[in-house]
Amino acid sequence: METPVELAADYYLSNFQTLVDFVAASYEPLLSTQELDFYRRFNALALNSRRLYVRLLSRKGVPSSAGALFRQGKIRYGEIDDLSDAVEQLCEAGLLLRQPALSPVEILPLFSKAELLASSPIPLPRAIKRQALEQALLAGETVPLPWLETLLASESLLAVQGAAHFETFKLCFFGNLRQDLTDFVLRDLGLYRYEAYPLDQRNLPFQSRAQIEQYLRYYECLQQLDSVFAEGTESILALAGRLPAGIEGDATLQRRLQRLRLTLARQLERLEAMEAAEQLYRKCQRPPARERRARMAVQRGDIAAGLALCREILAAPHNEAEREFAESFGHRIARREKCAEGWPAPHRYQPPSETITLPHVPARVELLAAAYLQGNSQGGIFEDRQGERHEDRYEDRYEDRYEQRQGDKQSCGAPMAKRAFAADTTTAMTDSDRCFYVENTLFNGVLGLYIWDIVFAPIPGAFFNPFQFAPSDFHTADFYPLRRLAFAQRLAQLDSASLWEVVRRNYRDKYGIANPLVAWEALSEPLLELATTRIPADHWRQLFGRLLSDIEHHRNGLPDLILFPAGGGYELVEVKGPGDRLQPNQQCWLAFFGRQRIPHRVLHVEWQQPPVSHQAMEDK
């Protein structure tokens, strides 16, 4: 059993100091006078004061016009020796504000219901709801309110200052305002490990103050999203007008702005503000902007405009999903309007398939199918491709295996069940069929291990901080083009021997380090060796090429199982339980397998019906 990691009492201060020191050293010319002054004032504090400030800055507090509020009497930290002295220093440094001028409504949330009841100048029932209690206290005519004087007589309120400056430091360090100091803790506890990619000054994302200001404005707008949605059309349009214009060459900011515009436009569409939605969609290049415009055009009766947009998409689709939409939607609308010439029906690939019948036991249908395929090339009740039915006692064999695995599944959940099944199959005899439940993990994982160094290459703007699972453009259309030459060279070198060599080396050297393509718990070295030696190099090359061409969409939808028959080769198997249908991304992968002659099939599972008893027959 691993020894638990013990963090230092003031671990949070070390992490905060690392963050602000990095930003001050890397971005000093881009920081404002006020931000640099904030940094210097903090560093001039005594140890206890710095500890207290980071503690309070990291907590939510009660929001107010003066900053996050805290009651000094409620603050207790064992590692801070003299709290009063620490507070006094922070007040003198301007990082805390004592007894700020606040409206009564801002002060109320600081106190419990019992404290508010006790301060009331008039008797109130103890069962009164908090909202009614606050309304009763605020309704007093005396100024100042007597209950407020009672509450504050022996209580010092503190408002944290400088939080906005720290937001800039966080933005410069993380490249976003989603991450925070928690990432340091997860690393320090050993829960996450990150690749040691270089953070070179030339490759840092922010190169001007204007760029920082635009990011800050973007996040300010993003924070207002829920409230403007509740307020309606005019507020949404006003927010859209406040969005920054973007910085030339900053693809990351442009992607975020487009994503937010798409969200705003879609909400306008739901509110039937079609003209405003259309204008916002026109400012977006990424899908599904053109799809939404085509649908809206057809909805308002402008068939020609809708079909023209479909032709525009087909001439230069952003991705496979957008092309498939244009083919399907264009054909359907053209046929409905009796102008189908030039709009052929999209070809729908019909993959090889078969149906089997299995006993209905409490386990994932994919695991049932995998156990059937691995141990039952001669058993079970199934329908082959010729429609003939066969039967054997599969249920007894599966139930034995199922009972052995119940402890792992109940304690670890589905991902561990997948791993447990793979572990069982790695110990199988070499002259028997072996089947692994891999879903999206195997091909993505092998790709991630094979191109590890390219994924973490120091592309300008790709890495903001030491806590990234992936480069910032990983989920975008820019990921492949910016590394096209490196990918082409790597795929050109691919053969079975070199693939296994690189995959094995990175599996051993990098095990446990975060990679957006690698799910460590689902991959074992024997599985990787079997896959890299059984699957032909040309198939790997084709699979990798499709994954890389649109990694955001193509890394999902891969088949559930991979079967390695005793006689050699392999087969990919997509499992569909009763009532389950192929999803669009799964259909795309199956069509790709058909074009590339990659062995595959769809296995439909039906549940075996329990036998009808003689008594039941007699009752009928």
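What follows is calculated from the coordinates using simple rules that are stated; it is not laboratory data. Here the structure is a predicted model, which means the values were calculated and not measured. With ideal geometry, Cβ positions are generated from the backbone for all residues, glycine too; neighbour counts draw on all protein chains shown.
Suppose the chain between S14 and R270 were pulled fully straight at 0.36 nm per residue; how much longer would it get relative to their current alpha carbon spacing?
On the way: separation 256, 0.36 × 256 = 92.16 nm, distance 4.76 nm.
Extra length available between S14 and R270 comes to 87.4 nm.
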*Tell me, what ³J(HN,Hα) does each residue in region 343-357 have, in order and in whole Hz, if you take phi through Karplus 6.51 cos²θ - 1.76 cosθ + 1.60 with θ = phi - 60° and put x for Gly and Pro?*
10, x, 5, x, 6, 10, 5, 9, x, x, 8, 8, 10, 10, 10
*Under a 5 Å amide H to amide H cut-off, with H placed in plane at 1.01 Å, what residues pair with H360 once short-range neighbours are removed?*
Q608
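For D21, what charge total do you get from the other residues with a beta carbon under 15 Å from its beta carbon, if Lys and Arg give +1 and Asp and Glu give -1?
Values: positive: R40, R41, R50, K170; negative: E28, E35.
Spelling it out: positives minus negatives among the neighbours equals +2.
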*Please determine, in degrees from 0 to 90 and to the nearest 10, the orientation of helix 525-534 with respect to the longest principal axis defined by the Cα atoms of the chain, where the helix direction is its Cα long axis.*
40
*Using Cα Rg over 2.2 N^0.38 Å as the read-out, say which of [x] 2.61; [y] 1.05; [z] 1.22 was calculated from these coordinates.*
[z]
*Once phi is turned into ³J(HN,Hα) by the Karplus curve 6.51 cos²θ - 1.76 cosθ + 1.60 with θ = phi - 60°, what whole-Hz value does each residue of region 497-504 show in order, with x for glycine and proline?*
5, 5, 4, 5, 4, 5, 4, 5
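Rounded to the nearest 500, what is the 222 nm mean residue ellipticity of the chain from helices alone, with -39500 (n - 2.57) per DSSP H run of 4+ residues and division by all residues? Don't jump to the answer; show the numbers that get you there.
Working: 30 runs with 325 residues, N = 620.
The helix-only estimate for the chain comes to -16000 deg cm²/dmol at 222 nm.
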*At Y219 and L237, where each label point lies 7 Å from the Cα along Cα→Cβ, what is the point-to-point distance in nanometres?*
3.1
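Among the trypsin sites (Lys or Arg not before Pro) in region 1-101, which ones are in a DSSP loop with at most 14 other Cβ atoms within 10 Å of the Cβ? Mind listing them?
Working: sites: R40, R41, R50, R51, R55, R59, K60, R71, K74, R76, R98; in loops: R59, K60, R76.
Loop-located and lightly packed - R59, K60, R76.
How about region 1-99: which GluC sites (Glu not before Pro) there lie in a loop by DSSP and see at most 16 other Cβ atoms within 10 Å? Please report the intermediate quantities before stating the final value.
On the way: sites: E2, E6, E35, E79, E88, E92; in loops: E2, E6, E79.
Those that pass, being in a loop and sparsely packed, are E2, E6, E79.
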*Peptides 358-371, 204-217 ordered by average Cβ neighbours within 10 Å, highest first*: 358-371, 204-217
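For L36 and D82, FRET efficiency with R0 = 30 Å and r from the beta-carbon atoms, rounded to 0.05?
Details: r = 29 Å, r/R0 = 0.96.
Step by step, r from the Cβ atoms, then E = 0.55.
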*Which net charge results when you count Lys and Arg as +1 and Asp and Glu as -1 among the other residues whose beta-carbon is under 13 Å from that of Q489?*
+3
*Helix 209-223 axis, angle to the chain major axis (alpha carbon atoms, nearest 10°)*: 80
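Multiplying the sequence separation of I303 and A196 by 0.36 nm and subtracting their Cα-Cα distance, what value in nm do you get?
Numbers: separation 107, 0.36 × 107 = 38.52 nm, distance 5.38 nm.
Length gained, I303 through A196: 33.1 nm.
Give me the number: length gained by fully extending E606 to R348, i.e. 0.36 nm times residue separation minus the C-alpha to C-alpha distance, one decimal in nm. Please list the in-between numbers first.
On the way: separation 258, 0.36 × 258 = 92.88 nm, distance 2.42 nm.
This chain segment gains 90.5 nm when fully extended.
What's the FRET efficiency of A566 with A488 using the Cβ-Cβ distance as r and R₀ = 45 Å, to the nearest 0.05?
Details: r = 37 Å, r/R0 = 0.82.
The pair A566/A488 has a calculated efficiency of 0.75.
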*Rounded to the nearest 10 degrees, what's the angle between the helix 289-299 long axis and the longest principal axis of the chain, both from Cα atoms, 0 to 90?*
80
*asked:* Run the simple label-point estimate for A127 and Q258 please: 7 Å along Cα→C-beta, distance reported in nm.
replied: 6.0
*Using θ = phi - 60° and the Karplus relation 6.51 cos²θ - 1.76 cosθ + 1.60, list the HN-Hα couplings for region 7-18 in order, rounded to whole Hz, with x at every Gly or Pro.*
7, 4, 4, 10, 3, 5, 5, 4, 5, 4, 5, 4
